[in-house]
Amino acid sequence: METIYNFSVKDAELNDVRLSDFKNQIVLIVNVASYCGLTYQYKGLEKLYKKYQNKGFEILGFPCNQFAFQEPGTNEEIQEFCDTNYGISFKIMNKINVNGRKTDPFYNFLKKQKPGIAGTSQIKWNFTKFLVNRSGQVIERFGPQVEASEIEKSIEKNL
C-alpha cells in the first residue's frame, strides 16, 4: 500500500526530505500562503504544533502561489515572513504547485487518497489540510476554512 513514506520532498533550503523520516508520527500537511485572508491560521497551527510536537506530531507547510498569487516570495522570504510574523517553528517546505499540469507528485497522491467535496481532487484554496496517521495513510482532509482548533480532536484521537 502506498503511503506518504513513499515520497521525498524538498524543504525550503531545497534539501531532500524523505517522508519516511516521519514514520510513527501524526503529520498535518498544509498548503500555505503569506498574503491570504486565511494567513492568520499560521497562529493556530503553530499553537497546535507547540502543544503536540513532543507527542509525535509534525506539521509540514507547503507554500503555494496558485491562488490569487498570494505567495509570491522566494523560499527565503517566506521563511522570514513566517518567523517574523508568526514565530513558526514547524517545517516550511519548498514552494510547489498543488493543482494543474505541474502539480507536485506528492500532492497528486494526497488528493487521490482524500478527494474533496463531491469527490473532486482539486485543492480549492490556501490552507487546505491533510491529516496523516502514524502508518503514513491520509485519514482526513479539511477545507481551508477549518481552523486548527477544529482539527485538534482528530489529532488527539490519533496520537
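Could you list 27, 32 so that the one with the fewest beta carbons within 10 Å of its beta carbon is first and the one with the most is last?
27, 32
Here 153, 91, 23 are placed in order of increasing Cβ neighbour count within 10 Å, fewest first, which gives 153, 23, 91. Summarising the label geometry, the points placed 7 Å from Cα in the beta-carbon direction at residue 15 and residue 53 lie 1.5 nm from one another.
Excluding same-chain neighbours fewer than eight residues apart, the aspartates and glutamates reachable from residue 114 by a Cα-Cα span under 14 Å are 2, 140. Of all the options 116, 37, 56, the one that moves most in a Gaussian network model of the chain with Cα springs shorter than 10 angstrom is 37.
Considering only 14, 88, 135, and ranking their Cα positions along the charge dipole of the chain that arises from unit charges at the beta-carbon of Lys, Arg, Asp and Glu, the one farthest toward the positive end is 135. In sequence order, region 86-102 has phi-based couplings of 10, x, 5, 10, 7, 6, 9, 9, 5, 5, 9, 9, 10, 9, x, 4, 9 Hz under the Karplus curve 6.51 cos²θ - 1.76 cosθ + 1.60, θ = phi - 60°, and Gly or Pro positions carry x.
Using a cutoff of 8 angstrom between alpha carbon atoms and counting only pairs six or more residues apart, the relative contact order for the chain works out to 30 percent. By the count of other C-beta atoms within 10 Å, a proxy for reagent exposure, 135, 154 are ordered fewest to most as 135, 154. Specify which labelled value, from (i) 39; (ii) 35; (iii) 54, agrees with percent of Cα pairs over 22 Å apart derived from the coordinates of the model shown. Only one option fits the structure, namely (ii).
Label reach from residue 76 (point 7 Å along Cα→C-beta): in region 1-33, amide nitrogens under 13 Å belong to 13-14.
Tally Lys and Arg at +1 and Asp and Glu at -1 over the other residues with C-beta under 14 Å from the C-beta of residue 16: what net charge comes out? That sum, taken over residues with Cβ under 14 Å, equals -1. If you find the alpha carbon centre of region 126-159 and of region 1-61, how far apart are they in angstrom? Each part's Cα centre sits 11 Å from the other's.
No value in this document is a laboratory result; all are computed from the given coordinates. Owing to the predicted nature of the structure, the values given are computational and were not obtained by experimental measurement. Cβ: placed from backbone, ideal geometry, glycine included. Neighbour counts: every protein chain shown.
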